[in-house]
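Reviewing the structure listed below.
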Amino acid sequence: MSEDKKDQTKPVEEANKAQGQEELKKQSKRAAYEEEIKHTAPEELRKKLTNKNSDYVFRLQKALLENENIANDQVEPAIDSILPEMIIAQQKGIPASTLYKMSPTEKAIELTHPKPKKVEQKFGLLVLDNILLYLALFAGVYGVVQVFSKTPSGAELGAVTLFVLVIGLGWMMAYYTRWMVTPKDKRMGTGKIVLIGIGVLIVMFLWVTATSLPGMRQLNPPLNPWAEIIIAVIAFGVRYYLRRRYNIIDPVKQAHLQDGKKQ
């Protein structure tokens, strides 16, 4: 690049650099202001409210007392919890009615009946949760039936058959429930998912049939009924612990809870 071109582009680069630094300063100042608001006493925040937001708060307080019938000493804390975000939004020219996109009456309902927070479910945990569920069901049912059966049924469940079966079912059901709550424009077509499900079921049926043949006994030894019951109890206990530890919830049930519906 010639010296003349360098001289021409230098002022532009300096201007862009100065503009970038100015933008960073504004962002830093804005972040500091928002942090300050979050730590400001509610009494001071109320003084900062615009007339429009003050009216919104007044009507919200009235709705909480009259419509939601909550105790007087719970009204102010409920309103105090949303004051910081109201002040931050109004600094940007956004009134409370626009921020929440609901009337004070509707906001009062939301404050007193909050929806469960959405939990991001890891697919691996969903698969494991379903595997443990099917392991408890299959092992438990087969074990109990064989314990109380007076004559051998000949339908003992092999160890390899059981574990491969529950792994396949666990993965399939986890995938299906995740598919159900995925937006229609982002998920696989219904026809494809049905075909995949049928294919997986056929493979599992063939697997159970093949591993149940007499020649497979050495590779697929039948489980003792009491061992199956013990496996079922352990699987149920581990599943219960993991669901509480990692807050695992079925995606379909979570979607219903988010919509305010009861499962």
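The values are calculated or read from the model by the stated rules, or taken from the named source; none is laboratory data. Just so you know, these numbers come straight off a predicted model, no measurement behind them. For neighbour counting, all protein chains shown are included, and Cβ atoms are generated from backbone atoms with ideal geometry for every residue, glycine included. All accessible areas refer to the heavy atoms of the entire protein, side chains included, with ligands and DNA or RNA removed. Shrake-Rupley method; radii C 1.70, N 1.55, O 1.52, S 1.80 Å.
List of remarks:
- According to the Cα-based calculation, Rg over Rh for segment 83-149 is 1.46, with Rh computed by the Kirkwood formula.
- Using only the C-alpha atoms, the convex hull of segment 132-244 corresponds to 114 Å³ per residue.
- Virtual spin-label span in nm between Met216 and Val164, 7 Å along Cα→Cβ: 0.5 nm
- Global form of segment 19-82, assessed from the alpha-carbon gyration tensor, a/c cut-off 1.5: prolate
- Largest first and in whole Å, the equivalent-ellipsoid semi-axes of segment 35-131 read 31, 18, 13, each the square root of five times a Cα gyration tensor eigenvalue.
- Accessible surface of Arg46 - all protein chains present, 1.4 Å probe, nearest 10 Å²: 70 Å²
- Å² per residue, accessible surface of segment 125-240 at 1.4 Å: 62 Å²
- Working note: Cα atoms of segment 71-112, range along each principal axis, descending, whole Å: 33, 18, 10.
- Residues Met204, Met180, Met102, ordered by accessible area of protein heavy atoms at a 1.4 angstrom probe radius and largest first, appear as Met180, Met102, Met204.
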